[in-house]
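What follows is a single structure, written as structure tokens, with notes after it.
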Amino acid sequence: MNEIILASQSPRRKQLLEWAEIPFKIVVKSTDESFPADLEVEKVPIHIAINKAKAVIDYLEKIQNIKPATIVLAADTIVVLDNQVINKPIDRKEAIAMLTSLSGKEHRVITGVVLKNAIKEHSFSVTTHVQFHSLTIEQIEFYVDRYKPYDKAGSYAIQEWIGVVGIAAINGDFYNVMGLPVASVVKALTLFNPQH
């Protein structure tokens, strides 16, 4: 397979690619994660992932350190409740408010994935439906104070305590909620690889 560059510093995405035994390098450039207000929610994570991939390719081209066949893999995960995008919390108060709003309800986790090289680009998204049990304020405060989920969309990570205790049902790809629908990525990489 061609060289793959993961345009993400997420330890979860790194771990998932390692579990899939895909060799890769990590290159990250900071990018604007805003999006147009009128963009359909399903397209938001793809929009952000495209910007992440483009920033890495532009950087590697500038330092002349990229082969035409090198594939840059970028992803972005969002949480959507009642058609509203829930971002990463800025502080403890916002994290508690986010989890309170998710408590007892179903939300969507959408990951946008982009594969890009000098020749072509392929993007797709995967949606998983997650149903939370009703959580007490004590459970929410315990999780926020112990796990400090400030770098996570929706203020939670499914592989942590809150996922074990708080999630009633999942409809779709579990690993998508962790941050990368890895089976779909492997399939897309196989199709994207121009050697076949």
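Values in this text are rule-based calculations from the coordinates and carry no lab data. Keep in mind the model is a prediction, meaning the values are calculated, not measured. Cβ: placed from backbone, ideal geometry, glycine included. Neighbour counts: every protein chain shown.
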Q: Kindly check whether there is at least one residue in the stretch 126-142 that is assigned to a loop (DSSP other than H, G, I, E, B) and under 23 Å from Leu16 (Cα atoms).
A: no
**Q.** Sole exception among (1) of a type in the set (Asp, Glu); (2) in contact with a helix residue (DSSP H, G or I) (Cβ under 9 Å, 6 or more places away or on another chain); (3) over 29 Å from Val72 (Cβ atoms) for Glu106, by number
**A.** (2)
Q.
Return the pair list, or none, for Cβ contacts closer than 9 Å from residues in the stretch 1-26 that are closer than 12 Å to Gly179 by Cα to residues that are of a type in the set (D, E, K, R) and part of a loop (DSSP other than H, G, I, E, B), at least 6 apart or on different chains.
A. Ser10/Asp151
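Could you run through the stretch 153-165 and say how many residues are farther than 14 Å from His129 by Cα, free of Cβ contacts under 8 Å to residues at least 40 places away in the same chain and surrounded by 16 or more Cβ atoms within 10 Å (Cβ to Cβ)?
Going through the stretch 153-165 one residue at a time, the tally reaches 0.
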Q: Kindly provide the set of residues from the stretch 21-62 that are part of a loop (DSSP other than H, G, I, E, B), of a type in the set (A, V, I, L, M) and surrounded by 15 or more Cβ atoms within 10 Å (Cβ to Cβ), ordered by number.
A: Ile22, Val27, Val28
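Within 22 Å of Val28 (Cα to Cα) and within 18 Å of the chain's Cα centre (by Cα): does that describe Ala75?
yes
For the stretch 172-196, give me the residue count where each residue is under 25 Å from Val144 (Cα atoms) and touching a strand residue (DSSP E or B) at 6+ places or on another chain (Cβ under 7 Å). I'd like the intermediate steps shown before the answer.
Residues of the stretch 172-196 under 25 Å from Val144 (Cα atoms): 173-180.
Remaining after also requiring touching a strand residue (DSSP E or B) at 6+ places or on another chain (Cβ under 7 Å): 173, 176-177, 179-180.
The total comes to 5.
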Q | Pair list, Cβ under 7 Å, 6 or more apart: the stretch 63-85 residue under 12 Å from Ile110 (Cβ atoms), other residue of a type in the set (D, E, K, R) and part of a loop (DSSP other than H, G, I, E, B) | A | Leu81/Lys105
Q) When only residues in the stretch 1-19 that are touching a strand residue (DSSP E or B) at 6+ places or on another chain (Cβ under 8 Å) and charged (D, E, K, R) count, which is surrounded by the fewest Cβ atoms within 10 Å (Cβ to Cβ)? A) Glu3
